[in-house]
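What follows is a short report on a single structure.
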Amino acid sequence: MGCRDSYGYPLTTSRPAADAYVDGVRDLLRLRSGAATRFATAIALDPTFALGHATLALLGHEMCVQVDVRARLADARLHAQRATERERSHVHAVDRHLQGDPGPLVAHLASYPRDAVLLSVAMPTIAFAGVTDLPEQAWRIVEAAAPAYGDDAWINGLMAFVRQEQRRFDDAMDLACRSLAVEPSGGHAAHARAHAHYETGDHAAGLAWMDSWVLGDGAATDSLTHFSWHAALHELSLGDVAAVRRRYDEQLQPRHAVGCRALVDTGSLLVRWALTPGGAVVPPLDEVVALTGTAVLEQPSTAFLGMHAAVTLLAVDDAAGLDRLARWCDGHDGATHREVVAPLARALRLMAGGRWSEGADRLAALAPQVWRLGGSDAQREIVEEARIAALLRAGRYDEARRLLDERLDRRPAVRDERWRDEALRADQAARILSP
């Protein structure tokens, strides 16, 4: 029998290259460090290995891994001609996905549900931004594929993430814990558990568990800054700005991040920290901007990165950068870039110009489309928080309070309670001072 991956699919390559690739997939699916290096080793051992080239192209596109994406795609297409039908379909799906067309990837998973790399791509998580405009579509893809895996720890972790997105938090916690019992270092299960704690307002317990996991079973996880980001969100929610400062100094400085995580984790935390009542003396975003680079900030490969680029450009008061981001997204092949990221950049551009009320209205109109940006509820909240900040700056205190009340209905948070109290005091002062 020839080489096969961990889920039984044949691999058209040599045994040493297959071993390196399988190890890389294992690390990628479990969010462990070293996956990109293993894939690079696979194609060094066999330069004709199509899936190795395609997977490196994926990592370059989605995670800002330093590879020549076009070259890897070209080699993947070339060498797929000698591969199996499943591998040819896989390469075609990756190729079209990177061009903004998710159709072949979705069709591929219907035929090959145990292609775990592409199933991971389909669901917005830490690793990838997802392939559909609506979360329900991503959920259906994962749910349709899950029976093919049986009681597998990785699929249970991925399903746990689906369940927390569906706000089925008890189911999510059960699946995550079942997965972690088999594989304590499993990144997807840990990530799903982190979200379940956060979304239910279980901040103290969530923070304690996350800190213990990061220092214990999860210590070898890639992108540890994201789990530190989760811990910092709990600290922000508890109103403990001093703890956020300590965590930033020890775990979340931009230089600790891998690839785009400096933007996605550290950058977004600094923006939300700056919006937090009592969050004065927030570290500057200069290092985040420098490490991220103009190409990612103004020409983001995914809509998810585009969301983070836009809020960061606003935070550093780069109005011209927001203009360039909006114009570039206008001409993008992907509908989400054109229809969501470009309007988001223009709304934030209004805010950068002091037109807070107009910016808030644009963000309100865009709110039903924010799902399409990918990522999680917790990450997309930054757009809502920008809207709250704009309403407050515009003196529209009642509307800001209503948004904060809705957030508090979803889950308790000392931070939002203080934010709401500030809005109430500002409203009362404005009423007293008005003629």
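The values are calculated or read from the model by the stated rules, or taken from the named source; none is laboratory data. Predicted model only: the values in this text are computed from it and were never measured. So basically every Cβ, Gly included, is an ideal-geometry build from the backbone, and we count neighbours across all protein chains shown. The protein model used for the area step is the full one, side chains on, heavy atoms only, and it has no ligands, DNA or RNA in it. Shrake-Rupley method; radii C 1.70, N 1.55, O 1.52, S 1.80 Å.
Only residues that are more than 15 Å from G374 (Cβ to Cβ) and touching a Gly at 6+ places or on another chain (Cβ under 6 Å): list them for the range 320-336, please. Show your work before the answer.
Residues of the range 320-336 more than 15 Å from G374 (Cβ to Cβ): 320-328, 330-331, 333.
If the condition is that a residue be more than 15 Å from G374 (Cβ to Cβ) and touching a Gly at 6+ places or on another chain (Cβ under 6 Å), then D333 is the only one that fits.
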Of the listed residues (H97, H79, H108, H92), the one being touching a Ser or Thr at 6+ places or on another chain (Cβ under 6 Å), buried (at least 17 other Cβ atoms within 10 Å of the Cβ) and under 30 Å from P147 (Cβ atoms) is H108
Search result, residues across the range 125-145 that are modelled with pLDDT of 95 or more and open to solvent by 20 Å² or more (accessible area, probe 1.4 Å): E143, A144
Residues (of a type in the set (A, V, I, L, M) and at pLDDT below 90) located in the range 263-277: L275
Considering the range 305-336, residues that are touching a residue at least 40 places away in the same chain (Cβ under 8 Å) and either more than 26 Å from W273 (Cα to Cα) or open to solvent by 20 Å² or more (accessible area, probe 1.4 Å) (or both), and then whichever is nearest to the chain's Cα centre (by Cα), we arrive at T336
Looking at the range 111-124, which of its residues are open to solvent by less than 10 Å² (accessible area, probe 1.4 Å) and in a loop (DSSP other than H, G, I, E, B)? D115, M123
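Out of all the residues in the range 182-222, which are outside any helix (DSSP H, G or I) and in contact (Cβ under 8 Å) with a residue 60 or more places away in the chain? Break it down stepwise before answering.
Initially, the range 182-222 is screened for residues outside any helix (DSSP H, G or I), giving 183-186, 200-202, 216-222.
Once the filter is applied, which keeps residues that are outside any helix (DSSP H, G or I) and in contact (Cβ under 8 Å) with a residue 60 or more places away in the chain, the range 182-222 yields E183, S185, G186, T200, G201, A220, T221, D222.
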Going through (1) in the same structural domain as C177 (by the TED database); (2) charged (D, E, K, R); (3) modelled with pLDDT of 95 or more one by one, E298 fails only at (1)
Considering the range 236-295 alone, what residues qualify as being without any contact (Cβ under 8 Å) to a residue 24 or more places away in the chain, of a type in the set (A, V, I, L, M) and not assigned by the TED database to the domain that holds L313? A242, A243
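A quick yes/no check of all residues on (1) free of Cβ contacts under 8 Å to residues at least 24 places away in the same chain; (2) in contact with a Cys (Cβ under 9 Å, 6 or more places away or on another chain):
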residue	(1), (2)
G8	no, no
D19	yes, yes
D23	yes, no
R26	yes, no
L29	no, no
R32	no, no
T37	yes, no
P47	no, no
Condition met for A204 (within 30 Å of D421 (Cα to Cα), open to solvent by less than 50 Å² (accessible area, probe 1.4 Å) and of a type in the set (A, V, I, L, M, F, W, C)): no
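Given the residues A386, A400, which is the only one that is under 19 Å from L313 (Cα atoms) and buried (at least 21 other Cβ atoms within 10 Å of the Cβ)?
Working: A400 fails: under 19 Å from L313 (Cα atoms).
From the options A386, A400, the qualifying one is A386.
This table checks each residue for (1) crowded, with 18+ Cβ neighbours inside 10 Å; (2) assigned to a helix (DSSP H, G or I).
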position	(1), (2)
S6	no, no
T12	yes, no
P16	no, yes
A20	yes, yes
G24	yes, yes
D27	yes, yes
F39	yes, yes
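Taking T55, is it assigned to a helix (DSSP H, G or I), modelled with pLDDT of 90 or more and buried (at least 20 other Cβ atoms within 10 Å of the Cβ)?
Working: assigned to a helix (DSSP H, G or I): yes; modelled with pLDDT of 90 or more: yes; buried (at least 20 other Cβ atoms within 10 Å of the Cβ): yes.
Yes; evaluated as a whole, the condition is true for this residue.
Counting only residues that are over 22 Å from A36 (Cβ atoms) and surrounded by fewer than 16 Cβ atoms within 10 Å (Cβ to Cβ), which one in the range 218-246 is nearest to the chain's Cα centre (by Cα)?
From the range 218-246, those over 22 Å from A36 (Cβ atoms) are 230-246; that's our starting set.
Add one more test, that the residue is surrounded by fewer than 16 Cβ atoms within 10 Å (Cβ to Cβ), and what stays is 242, 246.
Values: A242: 26, R246: 24 Å.
The qualifying residue nearest to the chain's Cα centre (by Cα) is R246.
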